[in-house]
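The values are calculated or read from the model by the stated rules, or taken from the named source; none is laboratory data. The structure presented is a predicted model; accordingly, all values stated were derived computationally and were not measured. So basically every Cβ, Gly included, is an ideal-geometry build from the backbone, and we count neighbours across all protein chains shown. Areas reflect the complete protein model, heavy atoms only, side chains present, ligands, DNA and RNA absent. Shrake-Rupley method; radii C 1.70, N 1.55, O 1.52, S 1.80 Å.
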Amino acid sequence: MQKPVQEVRGPRRQHRRMRRVDRQLPYRTGVVQRPCHQSPEGHQRQHQPRYGTDTEPRRLEERMEAVLEPCARQGTRVITNMGAANPTAAARVVAEVAHRLGLDGLRVATVTGDDVLHLVEGTQLPLLDGPYGAATANDLGETVVSANAYRGATPITEALAQGADVVVTGRVADPSLFLAPLMHEFGWPPTDWPLLARGTAVGHLLECAGQLTGGYYADPGTKDVPDLARLGFPLAEVAEDGSFTVTKVPGSGGQLTPATVTEQLLYEIHDPAAYLTPDVTADFSHAHLTHLAEDRVAVTGITGREPPTTLKTSVGYRDGFVATGEISYAGPGAVTRAREAARIVEQRLRTAELTVTEARYDLIGVDAVHRGTGANSATAVEPAEVRLRVATRTATHLQARRVGREVASLWLNGPYGGAGVTRETRENIAITSVLLPRELVMAGTAVHLTTAGGPKP
């Protein structure tokens, strides 16, 4: 028996294309990642109490409007961590969308318990990293806004066992979203480490969607990938013993080869022999890839052992304000004028005695990534245009706004020819991590079931 699972992410048009294989898919999984400065869940919840689910309030609704009807019609169950900020509110939104689509009776499960702020705030838990001078969670004081633990597959399997058609979770390790339906379908026990490691490998390969089928792998002229504009999403066909084959949507763009699988298998892996997850410590060091046919690769040799006794927990804290300002220069002497503009802003901020804790003055296209390498190069070809980017961190919003105004003033008070000024200020929510004993986290995990069209919880 084989059970295909598939990762779902990306624009709505891609969801429509995937309907061609819906009848073969008992599960779809959606993974959502957010920029670090926006991800701390507590901060999002404060600003989006209605949805509290994503950086774009409409994003969850748009995705559900695209996939719920075909999934319900074909019996495909949906598992997603799109409820990261507020899974209860997210499940309510999913139920409302289902009701609007005439899908009353659809069962939506919420997995809660990732919010562990009460277990972290004010404690002596060591920070894995963090701001200068802060060694423990207590050192962050009142700046802490959130603490969310990464949980594993077990609560999702409980939701599936209760009959959920859609499962919405808070923080869950991405591979666990894929491991859970395999544990549910095959009855894999939560202590069979080799099986859990193979399911985790399935999840790790699928979690970044098009990365497995040539996205991010592509390097035109060196590693050509056909038809990237129609990049197909991957799916996995998994047997009860955990052996599996990865492939992609038939007729779609991209490619799936041992090379693309190798790159994704190593993606974000610190130690291939010890990939730490909440479910298992997976060992990919003896993985073997077999190219079965075009866009079909079999993966074997995965094993595993007990997971860590602690769970990684992301801690969000207020870390001042970030100000950015940009201006473009073009034509002869563009780089020289942009460097003079940077020097002017730096001096004006110093003269104004504006306190900045960090500052960057980048010429995009010259030295924004390779810091300093373009500054004194005698052989470099002068670019036809360049964009100055000033980025600073300040203690207050008022100071941050001042930085943007100084960049804007270059229009009339700096070198000639500046144009296209933009500026932005925002509060910076930084993120650090602690490790919590898993028994403390799991004690607070719960599954709630809501029925579309039924009484509101």
> In region 157-176, is there at least one residue being over 13 Å from I79 (Cβ atoms), buried (at least 17 other Cβ atoms within 10 Å of the Cβ) and over 20 Å from the mean Cα position of the chain (by Cα)?
Replying inline: no
>> Filter region 426-444 down to the residues that are open to solvent by less than 30 Å² (accessible area, probe 1.4 Å) and either among the aliphatic types (A, V, I, L, M) or farther than 14 Å from V322 by Cβ (or both) and list them by number.
In response: I429, A430, T432, S433, V434, L436, V441
> If you go through region 340-351 one residue at a time, how many are under 35 Å from the mean Cα position of the chain (by Cα) and open to solvent by 30 Å² or more (accessible area, probe 1.4 Å)?
Replying inline: 1
>> Looking at (1) farther than 21 Å from V447 by Cα; (2) without any contact (Cβ under 8 Å) to a residue 40 or more places away in the chain; (3) open to solvent by 50 Å² or more (accessible area, probe 1.4 Å); (4) part of a helix (DSSP H, G or I), which one does H118 not meet, given that it meets all the others?
In response: (1)
> Applying the selection to region 217-262, what residues are on the phi > 0 side of the Ramachandran plot, more than 25 Å from the chain's Cα centre (by Cα) and surrounded by 15 or more Cβ atoms within 10 Å (Cβ to Cβ)?
Replying inline: G242
>> Exactly one condition in (1) touching a residue at least 12 places away in the same chain (Cβ under 8 Å); (2) open to solvent by less than 20 Å² (accessible area, probe 1.4 Å) is false for D367; which is it?
In response: (1)
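Report yes if some residue within region 202-215 is on the phi > 0 side of the Ramachandran plot and over 22 Å from the mean Cα position of the chain (by Cα); otherwise report no. Show your work before the answer.
So the first thing to find is which residues in region 202-215 are on the phi > 0 side of the Ramachandran plot, and the list is 209, 214.
Keeping just the survivors that are over 22 Å from the mean Cα position of the chain (by Cα) gives none.
Looking through region 202-215, none of the residues is on the phi > 0 side of the Ramachandran plot and over 22 Å from the mean Cα position of the chain (by Cα).
Quick one: would you say E382 is in contact with a helix residue (DSSP H, G or I) (Cβ under 8 Å, 6 or more places away or on another chain), acidic (D, E), surrounded by fewer than 17 Cβ atoms within 10 Å (Cβ to Cβ) and at pLDDT 95 or above?
Working: in contact with a helix residue (DSSP H, G or I) (Cβ under 8 Å, 6 or more places away or on another chain): yes; acidic (D, E): yes; surrounded by fewer than 17 Cβ atoms within 10 Å (Cβ to Cβ): yes; at pLDDT 95 or above: no.
Criteria not met by E382.
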> Does region 299-327 hold any residues that are surrounded by 18 or more Cβ atoms within 10 Å (Cβ to Cβ) and small (G, A, S), and which are they?
Replying inline: G304, S314, G316, G320, A323, G325
> Only one of R402, R423 is open to solvent by 50 Å² or more (accessible area, probe 1.4 Å), modelled with pLDDT of 95 or more and either in contact with a Leu (Cβ under 7 Å, 6 or more places away or on another chain) or of a type in the set (K, R) (or both); which?
Replying inline: R423
